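Structure record follows, encoded as structure tokens.
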Amino acid sequence: MGYSIVANGESRSFPNGDAFLAGTTDKADVVIYLGAELVADDSKAAILVELGTESLGRHTGEASGEEGSNVLGFARYRNGSDAPSKLVELVRQPRTKDSAIAAAKAVLEAAGLTVVVCADQAGRIIDRLVRPKYNAALRFLDEGLATAKDMDLTCRLGLGYADGPIERVERGGLAHHHDVTKALFDVFATPAYAPARRAIVAKQREKKT
Amino acid sequence: MISSIKTVAVCGAGGTMGAGIAIVAARAGFSTICFDTATASLDRAAKQTEGFFAKSVERGKISAPDKDAVMARLSRTTKLDDLAAADLVIEAVFEDLSVKKDLLGKLGKVCPEPTIFASNTSTLSITEIASGSGRDDRVVGLHFCLPAQLMKLIEVSPGINTSDATLNAAWAWCEAAGQLPVKTQDKPGFILNALLVPFNNDAIRAVEAGVASPADVDTAIKLALGYKMGPLELIDLVGLDTQVRLCEAFYPVTLDPRAAAPPLLTRMVAAGRLGRKSGRGFYAYDTGKMFGG
Ligand SMILES: NC(=O)c1ccc[n+]([C@@H]2O[C@H](COP(=O)([O-])OP(=O)(O)OC[C@H]3O[C@@H](n4cnc5c(N)ncnc54)[C@H](O)[C@@H]3O)[C@@H](O)[C@H]2O)c1
């Protein structure tokens with residue numbers, strides 16, 4: 001089972017030079033859209049659309065919970081300008097065909113990636129779970145709970161994490177954190193997702209420069 | 001900084017944390033009094049400690065004579081009066097404010113003026129635990145991580161009335177014991193649990209909301225963030241009932257919605273799905289096998 005790619009600009013999941021970009025075949029059953037506008041095609045086993053903070057439904061349209069076809073969303077996790085990780089979040093809708101999920105998984109796993117399947121909900125798995133934690137850590141920093149260095153050290157030594165919340169969110173970009181949390185806040189409207197003050201500052205300064 | 005502390009007492013030394021803290025103290029050269037109200041727990045902990053050091057000798061981490069010297073520094077008692085000899089008392093008794101306050105109140109009468117009291121509480125306030133001790137300027141939070149005998153980190157938290165001298169002495173003791181202290185304010189969960197408990201709840205809520213399966217949530221977190229365990233695996237390990245208790249400790253104090261127990265969690269506990277210990281939590285376990293076997 002091969003894949004083809006329709007690209008428009010550089011993709012975050014598969015940046016220029018990524019081996020995956022070179023693995024395309026001519027008669028592909030799976031089509032992957034990287035930044036390009038989706039063109040529906042029922043004849044394909046699966047069509048994958050790279051997502052930012054938007055829902056898959058924004059590309060496919062929705063139908064009272066009955067939406068779903070051979071089109072899936074996806075995002076490969078990457079923190080800031082770090083190299084993309086092996087993790088791909090594959091986004092399905094309620095009526096997405098099982099065969100489409102299987103086809104999408106097959107091409108991504110053949111490329112050495114690990115696929116997790118999630119519903120078309122804001123933040124998918126990673127952003128939904130890590131953004132509130134980064135917000136809390138940024139708030140703790142403002143409130144003087146501990147220094148950034150000590151919070152990071154505590155998470156590395158006490159919890160065995162590869163890095164701490166402050167160093168990670170800063171490496172990913174505080175302005176980017178602002179954009180992601182703003183998108184999440186638009187959906188959930190809970191304080192946990194409201195952009196942290198330090199992220200707002202970073203965004204304001206980004207606009208200025 | 002050199003520690004002026006020579007003798008350490010550990011209250012609740014028959015328990016999980018207390019036994020580990022006693023190992024840390026004795027290994028670092030401190031004369032260590034292990035105190036617990038339950039003799040059987042003290043005896044069990046002593047056997048485990050012996051086993052721990054026997055393994056350390058086997059692995060070449062400590063010589064046999066050094067092991068004997070460490071073991072000789074450990075004494076056991078169920079009599080509170082024996083703690084009069086301690087320069088530093090670390091309490092790791094049940095996570096219950098009245099139990100801890102009561103203990104520190106009694107210790108306040110037993111121990112000499114300069115003795116410092118430290119609490120290993122995970123969720124309670126150091127300031128509240130210190131009140132009633134008669135020496136709240138000499139009470140400090142020393143939060144060890146599980147397993148204490150292996151983890152270097154200690155969250156050090158001064159209460160509102162803790163003196164700088166007490167904080168400095170406790171800090172120096174942590175370093176002398178070969179540990180790595182970090183300073184935090186006396187706030188619910190300090191750093192570690194303040195970040196962890198709501199995060200774990202969020203993972204439960206994601207499963208509850210149908211975002212993804214527990215296995216996919218855990219895989220995503222481990223792979224993306226480099227965590228050794230996924231949040232749902234971790235909750236299964238510590239126990240879903242423990243997670244409920246953590247929520248019950250945090251939510252009324254912080255009123256942070258993320259700290260409130262998710263409905264799925266309380267329902268799973270009601271259904272007897274407590275995690276590894278009951279054979280089923282977010283995952284199913286073969287209860288015939290011992291963990292790590
Ligand atoms: N288990 C953890 O992961 C962990 C991690 C960090 C901190 N802590 C904290 O450490 C403390 C102990 O937790 P644990 O898991 O070791 O508990 P545990 O139940 O294993 O041990 C508690 C011990 O205290 C003894 N005890 C109770 N009341 C006593 C008293 N008045 N005087 C003397 N001994 C008494 C009990 O007999 C028992 O042996 C708690 O405050 C907890 O929040 C636990």
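The values are calculated or read from the model by the stated rules, or taken from the named source; none is laboratory data. All figures in this text were calculated on a predicted structure; none of them were measured in a lab. Cβ placement follows ideal geometry from the backbone for every residue including glycine, while neighbour counts extend to all protein chains displayed.
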Kindly indicate which of B:Leu150, B:Leu180 is closer than 20 Å to B:Val93 by Cα, more than 11 Å from the ligand (Cβ to nearest atom) and within 13 Å of chain A (Cβ to nearest Cβ). B:Leu150
Taking A:Val117, is it buried (at least 16 other Cβ atoms within 10 Å of the Cβ), more than 8 Å from every other protein chain (Cβ to nearest Cβ) and either in contact (Cβ under 8 Å) with a residue 60 or more places away in the chain or hydrophobic (A, V, I, L, M, F, W, C) (or both)? no
Output the number of residues of region A:162-198 satisfying the condition of being closer than 11 Å to A:Leu138 by Cβ and part of a helix (DSSP H, G or I). 10
I'd like the full set of residues that are in a loop (DSSP other than H, G, I, E, B) and more than 13 Å from the ligand (Cβ to nearest atom), limited to region B:1-41. B:Met1, B:Ile2, B:Ser3, B:Ser4, B:Ile5, B:Lys6, B:Ala28, B:Gly29, B:Phe30
Looking only at region B:183-219, which residues are within 9 Å of chain A (Cβ to nearest Cβ), in a loop (DSSP other than H, G, I, E, B) and within 27 Å of B:Ser3 (Cβ to Cβ)? B:Thr184, B:Gln185, B:Lys187, B:Phe190, B:Ile191
For region B:54-71, does any single residue satisfy the condition of being within 15 Å of the ligand (Cβ to nearest atom), in the same structural domain as B:Trp173 (by TED's automatic domain parsing) and free of Cβ contacts under 8 Å to residues at least 24 places away in the same chain? no
Residue list for region A:55-96, restricted to those being among the hydroxyl-bearing types (Ser, Thr, Tyr) and farther than 22 Å from A:Arg131 by Cα: A:Thr60, A:Ser64, A:Ser69, A:Thr96
If we keep only residues of region A:27-70 that are surrounded by fewer than 20 Cβ atoms within 10 Å (Cβ to Cβ) and hydroxyl-bearing (Ser, Thr, Tyr), then the residue farthest from A:Phe188 (Cα to Cα) is A:Ser43
Determine if region B:128-146 includes at least one residue that is away from the ligand (no atom under 16 Å from the Cβ) and under 19 Å from A:Leu145 (Cβ atoms). no
Considering only region B:76-98, how many residues are loosely packed, with under 13 Cβ neighbours inside 10 Å and either assigned to a helix (DSSP H, G or I) or more than 10 Å from the ligand (Cβ to nearest atom) (or both)? 3
